[in-house]
Amino acid sequence: MGPNPTVQTQDGFEARSLACRRAGRLVFEGLDFSLAPGQLLVLTGANGSGKSSLLRLAAGLLSPAGGALLRAGVDLAKDRDSHLADLHFVGHKNALKPTLSAAANLEFWARFLGDAGNVEQGLDAMGLGGLADLPAGELSAGQQRRLGLARLFLRPATLWLLDEPTVGLDQASRTRLADAMRRHLECGGMILAATHEDLGLSGGVLELERFAPRTALEEWL
Amino acid sequence: MRSILALLGRDVGLSWAAGGSTRLALAFFALTVTLFPFGVGPGAATLAKVAPGVVWVAALLASMLSLDRMFETDFEDGSLDLLAIGPLPLPLLVLVKTVAHWVSTALPLLVLAPVLAITLQLESTAYPALLASLVIGTPALSFIGAIGAALTTGLRRAGVLLSLIVLPLYVPVLIFATGAVDAARNGFDTAPHLMFLGAVTLVAVVVGCWAAAAALRLHLE
């Protein structure tokens, strides 16, 4: 794993000279990575270096300004649906309705994603079993984050895209999340996670600042 | 199909719950209509003459009241991202959310409208036309509104901008709907008016779904 993939991963997820433009500004360009089943890739970089943008690109919410993303060797621009059916995206917002109970929030996403059930499994996985009937709006920030992460366990999906998953989590929840991520990787899952913190897992690191576009001055020098 | 029902159920449920838009729309509709006998005077002839217009303008404003929340709440809490990469294509997603808006704001108005028409001394012969015009015409309000709601999602002071975008587009609906009720009051055939109204609604459904989906796609970028 690294910026220059030499092995073509058949079931993996990879980027080829990917570029991203937000609000007219080039955020990064020439970005390559490849992720094989069972691998974790941690995105690091300063605020604004494009970690969230890369995750949104990977989730199909943005289209690349250049280059391509390939899932199992197929360009996302050609086949987006089978990619979307096999991923979980946990952005920095938790997508919770404050008036609905924790269980009702998860139940909606479970039904929307097409798999009824597994709500208890999701709650238990993040240690929220005792809070199921509380309105999500009354949970603490850390508990809301755990409820957002509980969506990962509603249905199996190979690729997890996590944007700052540990923000607001206490030590016990971090350990629980790390264990869940480790199990996911052992089962052949793939994780792309943007974080500033140590997840406690072994995996590759992608420093986004290395792909920042060079200014005209740097080019000239 | 399960995804559609899940989304419909959630949106309608949230609107009916405390703090939702349904009760607000109903109360607004009832209050606005009952203001007119005070303002215009209790003379039966005058009131009956303005009744179709008053009921329709009040219904139109009541349905517009909750438009700005149509996509905004989902956009703010991150749900819209997840809905967009879910199993439903974006235009279908817009269709489901708009139907939910209609069910939670316009449908209750249908029940209340005949009762309020009594306070406006509307002739009994015009009631079927009033109800028919509301059944056929109010979906157009929701679908035209969806375009405005999608365009203004994520903007500050979206409510005012939204009404400026949407109100001019409501004019054809208002003309044919009140035309039908007036025709019934004066003993003419209502069918031509209702057919034109139906045509407006059909165009609004088709254009609304695709235009709102395109606008949402811009906001997700």
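In segment B:162-198, which residues are in contact (Cβ under 8 Å) with a residue 60 or more places away in the chain, of a type outside the set (Gly, Ala, Ser) and outside any helix (DSSP H, G or I)? Across segment B:162-198, the qualifying residues are B:Tyr170, B:Thr190. All conditions in (1) within 14 Å of chain B (Cβ to nearest Cβ); (2) out of contact with any His (no Cβ under 8 Å at 6 or more places or on another chain) hold for A:Ala157, with the sole exception of (2).
How many residues are under 27 Å from B:Trp56 (Cβ atoms), among the hydrophobic types (A, V, I, L, M, F, W, C) and either facing chain A (nearest Cβ under 8 Å) or surrounded by fewer than 17 Cβ atoms within 10 Å (Cβ to Cβ) (or both) if we restrict to segment B:15-29?
At the first step, the residues of segment B:15-29 found to be under 27 Å from B:Trp56 (Cβ atoms) are B:15-16, B:20-29.
Okay, now just the ones that are also among the hydrophobic types (A, V, I, L, M, F, W, C), so B:16, B:24-29.
Of the ones still in play, those that are also either facing chain A (nearest Cβ under 8 Å) or surrounded by fewer than 17 Cβ atoms within 10 Å (Cβ to Cβ) (or both) are B:16, B:24, B:26-27.
Result for segment B:15-29: 4.
For segment A:38-49, does any single residue satisfy the condition of being part of a strand (DSSP E or B), closer than 16 Å to A:Pro213 by Cα, at pLDDT below 90 and open to solvent by 10 Å² or more (accessible area, probe 1.4 Å)? No: zero hits. Screening A:Ala65, A:Ala85, A:Ala59 for residues that are within 14 Å of another protein chain (Cβ to nearest Cβ) and touching a Cys at 6+ places or on another chain (Cβ under 9 Å) leaves exactly one candidate, A:Ala65. Reported count of residues in segment B:181-221, each being farther than 13 Å from B:Ala146 by Cβ, aliphatic (A, V, I, L, M) and within 14 Å of chain A (Cβ to nearest Cβ), is 2. Within segment A:105-143, if we keep just the residues that are surrounded by 21 or more Cβ atoms within 10 Å (Cβ to Cβ) and in contact with a Phe, Trp or Tyr (Cβ under 6 Å, 6 or more places away or on another chain), the residue that is farthest from the other protein chains (Cβ to nearest Cβ) turns out to be A:Ala125.
Which count do you get for residues in segment A:92-104 that are at the interface with chain B (Cβ under 9 Å from one of its Cβ atoms) and surrounded by fewer than 20 Cβ atoms within 10 Å (Cβ to Cβ)? Selection size over segment A:92-104: 6.
Applying the condition of being touching a Leu at 6+ places or on another chain (Cβ under 9 Å) and more than 8 Å from chain A (Cβ to nearest Cβ) to segment B:75-89 and asking which residue is most open to solvent (accessible area, probe 1.4 Å) yields B:Phe75.
The values are calculated or read from the model by the stated rules, or taken from the named source; none is laboratory data. Everything numeric here is computed off the predicted structure, so don't read it as measured data. A quick note on method: Cβ atoms are made from the backbone with ideal geometry, for glycine too, and the neighbour counts reach across all protein chains shown. Surface areas here come from the heavy atoms of the whole protein model, side chains and all, with no ligands, DNA or RNA. Shrake-Rupley method; radii C 1.70, N 1.55, O 1.52, S 1.80 Å.
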